[in-house]
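Okay, so here's the structure we're looking at.
The values are calculated or read from the model by the stated rules, or taken from the named source; none is laboratory data. None of these values were measured; they are calculated from a predicted model. Cβ sites come from the backbone with ideal geometry, for glycine too, and all protein chains shown count toward neighbours.
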Amino acid sequence: MAIHVTHGPEHWRWVEWLLGAGAVLVAYVAWTGWIDRNRLIVDAFSFEEALRRADLWDNPRYKRPSLVRVKERANGDVELVVQGLPASIWQKPEIADPFCASFGVERFRSVTQDPKRRDRVHLVLASGSLDQVVKAAGREPGTRRLPKPKVKRDRDDEDAHPAARMSFLLGYGHDGRVFWQTPVWPHLLVAGSTGSGKSTLIRLIMQQALDRDWLVYLIDPKGGVDYLELLTWLAEPMKEFPQDALPLLETLWAKHRERLTKLKEAGVSSLREAHQQGLLLEEKPILLVVDELSIFSSNTGGKDEKEVRVRAHTYLERFALASRATGIALLLSAQYPTAEILGSQIRQQVWRICGRVDDEVASRTILGVPGAEKLPPDKPGRFLYVEHGELKEFQVTLP
Ligand SMILES: Nc1ncnc2c1ncn2[C@@H]1O[C@H](COP(=O)(O)OP(=O)(O)OP(=O)(O)O)[C@@H](O)[C@H]1O
Ligand SMILES: [Mg+2]
């Protein structure tokens with residue numbers, strides 16, 4: 001860039017020239033994306049995280065893909081050359097959606113097979129779409145209509161080994177289907193005030209678990225009225241009172257210990273790994289449902305009853321911390337999970353989703369941010385969760 005200064009003393013020319021050169025440099029840097037806040041950074045760590053979220057890290061159905069090369073294009077798009085999976089697998093929404101979301105991107109700009117190396121695929125992540133995602137996530141909860149669910153039969157899913165199907169469909173959000181992926185989050189807490197749709201969501205998950213041949217246990221102080229059609233399929237009769245629930249928790253803890261021993265003998269670190277190797281197939285994954293966690297922390301009742309509740313709660317804390325390896329998943333609900341009801345141990349170990357709550361304080365207690373108090377009261381089944389620091393929304397869709 002030539003800068004002509006016709007007036008003023010000689011030395012001002014140098015100053016103007018320097019300013020001009022600086023401006024050119026800044027413009028170049030911005031154009032190349034070096035200071036673009038949308039710039040995608042893909043390294044081995046973020047790639048691993050994305051694979052885990054897309055359930056490709058230790059999925060028995062697929063070979064784990066490896067990252068061959070990362071290329072950055074002038075327009076900011078990032079091209080990943082990956083090896084190990086065909087392009088058709090990368091196009092599956094249940095894989096592409098969480099993988100892209102992990103980089104803050106809505107979808108792949110393109111997925112193409114390498115023309116020379118058949119085992120390689122080129123995945124292009126469009127950096128420009130990041131803004132849209134941020135906007136969608138930052139929108140007032142409940143203000144935008146969620147997309148209509150697309151019901152698609154997935155033959156692969158139907159054919160898969162029951163143990164391999166470790167994700168539960170919860171509903172539909174702005175980014176597509178929302179799953180509870182037990183390999184990522186072994187336990188789930190469904191919070192929300194009365195009528196927000198907790199039990200309905202829990203029923204949906206229980207149905208899927210039973211379809212997949214999981215062992216399902218239920219502790220429900222409401223006597224199981226929300227689960228009538230499922231009660232006969234439970235691994236043990238439903239437990240209504242803490243004094244009945246405690247022996248169940250003790251039995252399951254013994255099962256956990258027994259499984260640990262078996263895993264050690266088999267030389268594997270988790271039940272999932274054992275199943276991948278065709279071992280311990282008789283040990284089925286377990287879903288332990290507690291519909292209303294406050295059953296174990298209410299302060300009413302005599303001394304003996306309190307002791308039972310405290311002991312039961314301690315077992316839940318132990319499961320939350322330790323049972324990922326042994327395939328025992330907790331599915332908990334709570335209208336208002338205070339620190340006392342939830343306990344910090346459990347809070348750290350569970351994936352928290354939240355339906356409508358009465359006030360901002362409740363939303364902060366559950367999600368760590370406000371928002372759930374703004375969900376529409378006339379739409380039960382609307383839930384929020386936090387992913388990568390962003391609030392995301394979905395609707396539980398009844399079959
Ligand atoms: N996803 C949904 N779509 C449509 N209606 C729903 C949905 N979820 C719940 N509902 C309706 O809302 C009502 C209350 O739901 P649900 O019993 O699941 O709430 P809850 O959060 O478990 O309440 P509580 O804390 O009192 O047990 C249900 O009777 C059902 O009709
Ligand atoms: Mg309920």
Among residues of segment 193-202, those that are small (Gly, Ala, Ser), surrounded by 18 or more Cβ atoms within 10 Å (Cβ to Cβ) and within 9 Å of ligand 2 (Cβ to nearest atom), counted: 3
Arg311 being within 23 Å of Leu218 (Cα to Cα), at pLDDT below 90 and not hydroxyl-bearing (Ser, Thr, Tyr): no
Selection count, segment 228-245, where residues are modelled with pLDDT of 95 or more and touching a Lys or Arg at 6+ places or on another chain (Cβ under 6 Å): 1
Segment 166-192 - residue that is under 15 Å from Leu287 (Cα atoms) and β-branched (Val, Ile, Thr) and, of those, farthest from ligand 2 (Cβ to nearest atom): Thr182
Filter result for Leu230 (of a type in the set (A, V, I, L, M), within 16 Å of ligand 2 (Cβ to nearest atom), part of a helix (DSSP H, G or I) and free of Cβ contacts under 8 Å to residues at least 60 places away in the same chain): yes
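For (1) touching a strand residue (DSSP E or B) at 6+ places or on another chain (Cβ under 9 Å); (2) within 16 Å of ligand 1 (Cβ to nearest atom), each residue gets a yes or a no:
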position	(1), (2)
Ser167	yes, no
Asp175	yes, no
Gln181	yes, no
Gly195	no, yes
Ala209	yes, no
Trp214	yes, no
Lys222	yes, yes
Ala245	yes, no
Glu258	no, no
